[in-house]
Structure formats: C-alpha cells, structure tokens
Amino acid sequence: MTKQRIISTNHLSETLSELLSELSYDRLFVLTDEHTARLCYPLIEQTLSEGYHITIPAGDDNKHIDTLCHVWEELSSHGATRHSLLINVGGGMVTDLGGFAAATYKRGIHYINMPTTLLSMVDAAVGGKTGINLHSLKNEIGAFCPADTVVVCSTFLQTLDTANLVSGFAEMLKHGLISTEEHWAQLMHFDLNNPDLAELQQLIMESIHTKEHIVEQDPTEQHIRKALNLGHTLGHAYETLAMRHGTPCLHGYAVAWGLIGELYLSHLREGFPADKLRQMLSYIKEVYGTPSFSCADYDELYELMKHDKKNVAGEIRFTLLGNIGDIRINRTATREEILEMLDFVRES
Ligand code: GLY
C-alpha cells in the first residue's frame, strides 16, 4: 500500500490550489454531507469551482449501500473516468464512504481526504480504511485504499461543537498512550475548554504520525496495527449497548471509557503502573463523565465483546499496555477479569 501524503495547513485555498496544480486528472468531484456542505464547503468553494459537487445525507445511519450507489451514480452520470479525482470533505462518515466509492469506481480512482472533524483528522481519514455499514454491522464492507493526500486544517474545527472536539480527543489520548510518555503528558495538559488551534494542529500532526508509523508497519492489521484498537473492545461494545438503549453516545466518549477499562485490565494482567491508571481515570472522569450502564448490562456487554470482529477463535482479544508505549496485542482475559473491569469502569 502506498504511503499517504499528509499536508498540514492553515491556508486552505493556497494549499488546495497548489495541490491541484501538481496533480493530473480530467474531472474533479467534491463530496460533502449536508453539514459540511453548509459549514465547510464555502471555505473552499472558490478554489474548487471547477469541481462537480456531490452532497450526501449526514450521519453514520446513512453510511450504507444506497448512499454509496448515489455517489457512484453521480460520478458516472457526470462523466467521471478512471483519471478523475474525488475530494472528500467531511467527518469519518464522508471519508469512509467517499474513500470506498473512490476505491471501487472503475476499479479505483485517486482521492484526497479533507477531514473536518477532530476524529476524522486523527483517525478515519488516515490509514487507508474505507467502507460502509451493512445494516447494523459497522464497517462490514470495505477496502484498504489510502487517499493520495490528506489535507489537515484546524480551521475546520472552528465549526465543531465541544462534545465532538472532546470525542475526537479520545483517539488522540489513545495515540498518546501507545506512543511516548512525553506526547501523552502534552495531551493531558492541553486545555480543551479553551483550545488553542495552533497548538492543537501540532498535536494533531503528532497524533497522525503515531498512527502512520504503525500503519506503515502493518497496513492491513495483521499484527501491530491492532495497537490502534486500544480501548475499542469495550468501547465498541458500550457504543452498541448505548445505541440499543436509545441513548447513543459519541464514538470518542465510548473509546474514553473503553480506555479506562482496558488500562485497568492492563494493570491486572500486564502490570500497567497504578499511578498512570489513576491519572487517566481522573482525567477521563472530569472530561468525559461516566458511562451509564449497570450490573444488569454486564451479560450483554460481555456478549457484544464476544462478537467483536477482531476476536480470534471466539476468544475476546484485547490490546493492552505494560506501560505507556509498551504495546501488548492479542491479549486475553478471563470472564471474571472482564466483569471486574466493568465494575471498575462503573464504580470508580
Ligand atoms: N481506527 C483504527 C485503524 O485505523 O486501524
């Protein structure tokens, strides 16, 4: 898999003009959802005026085959060829679906991601995972197909509400935990209530480099890319539970609570230091609050973890840490330890 070019900029129009002048393509297409069409597209509309604009409905509920068909049809009916270029402007839903449209249209066209949420800047838009949901199964259909270029501009974050900023920051905390103590400490000291966008841009780039470094070693998640699943075994289970209970939560909040559970397991099984666990716990409680589940939900959470697509031979697999940056993949735990983890997340 080829390496993506990552461009960090605060001058969107200049950067885009330069980028487009370097690339050879016959027709340009720009994909947004209805939110980014309103909030973000105006910032780049003039520079991309030659492009045909496709808009799709927003939200993960719409990340399905019908929306994908609409994008394919729009590309086809407006003359896209194998040499056309697609620019995805949006959060993870747009970059995942748009990336998959690009990966499959005429067996693959070039595309650029312009992530507009913190979550998509540090995670979805980089690393080459593209795809759509199949009914309630998230990202069930997809392909590894990296964007040619990812343009990262924190100006877009001015349009993002605090909850979504905090949600995206959970993936950055995860990257901090799997990288170095220094980067983790920088993140823990960042003021999310009064974010300095220049400082955030630097932290975002560091976060992306952490992910890129891992993806380069294992693009298709056979081994070390599983490090990026830290916090996600419990996090995904909780996200599904919350959805089923009619109280959906943002992905990053579920990941933050998942991190606490999985750091607790890391402490139990791999000797992750108690002081760092305590530090993370008080940070997550302060910034993300606490999840709402009770003992009555334990069986369902356990079953959801058992059906995680990352498991092997029906056994729940976790990514754990021996310390910050000391990654242990493919770890198991007993049912008792997992229930103890749930107690810890709920009660602490
Ligand atoms: N979101 C985790 C990964 O890209 O592997």
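Derivation of every value follows stated rules applied to the coordinates shown; laboratory data play no part. This is a predicted model, so every value here is computed, not measured. As a convention, Cβ positions derive from the backbone with ideal geometry for all residues, glycine included, and neighbour counts pool all protein chains shown.
Using Cα pairs under 8 angstrom and six or more residues apart, how large is the relative contact order of region 63-132, in percent? It would help to have the intermediate numbers written out before the result.
Numbers: 100 pairs, mean separation 25.5, N = 70.
Value for region 63-132: 36 percent.
Taking amide H atoms as placed 1.01 Å from N in the peptide plane, the amide H of Ser8 lies under 5 Å from those of Val152, each 5 or more residues away in sequence or on another chain.
Size descriptor for region 81-132, Kirkwood hydrodynamic radius: 10.6 Å (Cα pairs only, one decimal).
Mind checking the dipole of the chain: about its Cα centre, +1 per Lys or Arg Cβ, -1 per Asp or Glu Cβ, Debye to the nearest 20?
720 debye
For Thr247, the shell of other residues with beta-carbons less than 15 Å away shows a net charge of -2, using +1 for Lys and Arg and -1 for Asp and Glu.
In region 42-110, the convex hull through the Cα atoms has an average projected area of 4.6 nm², a quarter of its surface area. Couplings 3J(HN,Hα) of region 171-187, computed from phi: 5, 5, 4, 4, 4, x, 5, 8, 10, 10, 4, 5, 5, 4, 5, 4, 5 Hz, in residue order, whole Hz [Karplus 6.51 cos²θ - 1.76 cosθ + 1.60, θ = phi - 60°; x for Gly and Pro].
Each of Tyr111, Tyr25, Tyr52 has some number of other Cβ atoms within 10 Å of its Cβ, and from fewest to most they run Tyr25, Tyr52, Tyr111. The calculated P(r) of the chain, using every Cα pair and 10 Å bins from 0, goes 5, 26, 34, 23, 9, 2 in percent. Less than 5 angstrom separates the built amide H of Asp33 from those of Ile56, all sequence-distant by 5 or more or on a different chain. Between Glu45 and Gln202, the simple label model (points 7 Å from Cα in the Cβ direction) yields a spacing of 3.5 nm. Restricting the calculation to Cα atoms, region 1-146 yields a radius of gyration followed by a Dmax of 13.9, 41 Å. Our compactness index for region 1-82, the C-alpha radius of gyration over the empirical 2.2 N^0.38 Å, is 1.20.
Rounded to whole numbers, the Karplus 3J(HN,Hα) couplings from phi for region 327-332 are 8, 10, 8, 6, 8, 10 Hz, using 6.51 cos²θ - 1.76 cosθ + 1.60 with θ = phi - 60°, and x at Gly and Pro. A straight Cα-to-Cα reach below 19 Å connects Lys285 with the aspartates and glutamates Glu171, Asp191, Glu239, Glu262, Asp275, Glu340, Asp343, Glu347, residues fewer than 8 places away in its own chain not being considered.
Would you calculate, for the chain, the mean residue ellipticity at 222 nm contributed by helices, counting each DSSP H stretch of 4 or more residues as -39,500 (n - 2.57) and dividing by all residues, to the nearest 500? Intermediate results must be reported in sequence, preceding the final value.
On the way: 12 runs with 158 residues, N = 348.
One gets -14500 deg cm²/dmol as the mean residue ellipticity at 222 nm.
By count of other Cβ within 10 Å, fewest leading, how are Ser154, Ser120 ordered?
Details: Ser154 23, Ser120 26.
So the ranking, lowest neighbour count to highest, is Ser154, Ser120.
Quick one: of the DSSP bridges fully inside the chain, what percent are antiparallel, nearest 5? Roughly 30 percent of the beta bridges in the chain run antiparallel, per DSSP.
Once the chain from Glu340 to Glu300 is taken as fully extended at 0.36 nm per residue, the excess over their C-alpha distance is 12.9 nm.
When the trypsin sites (Lys or Arg not before Pro) in region 1-41 are filtered for DSSP coil states and for at most 15 other beta-carbon atoms within 10 Å of their beta-carbon, the remaining sites are Lys3. Backbone amide hydrogens, once placed in the peptide plane, bring Ile178 within less than 5 Å of Gly325, excluding anything fewer than 5 places away on its chain. Can you compute the FRET efficiency between Arg278 and Ser77 using 1/(1 + (r/R0)^6), with r the Cβ-Cβ distance and R0 = 51 Å? Round to the nearest 0.05. About 0.30, to the nearest 0.05.
Principal axis analysis of the Cα atoms in region 191-338 yields extents of 44, 34, 30 Å, listed in decreasing size.
Starting from the Cα of Gln222, step 7 Å along the direction of its Cβ; do the same at Glu182; then give the gap between the two resulting points in nm. Inter-label distance under the simple model: 3.2 nm. For region 130-250, the Kirkwood hydrodynamic radius comes to 16.3 Å, computed from all pairs of different C-alpha atoms.
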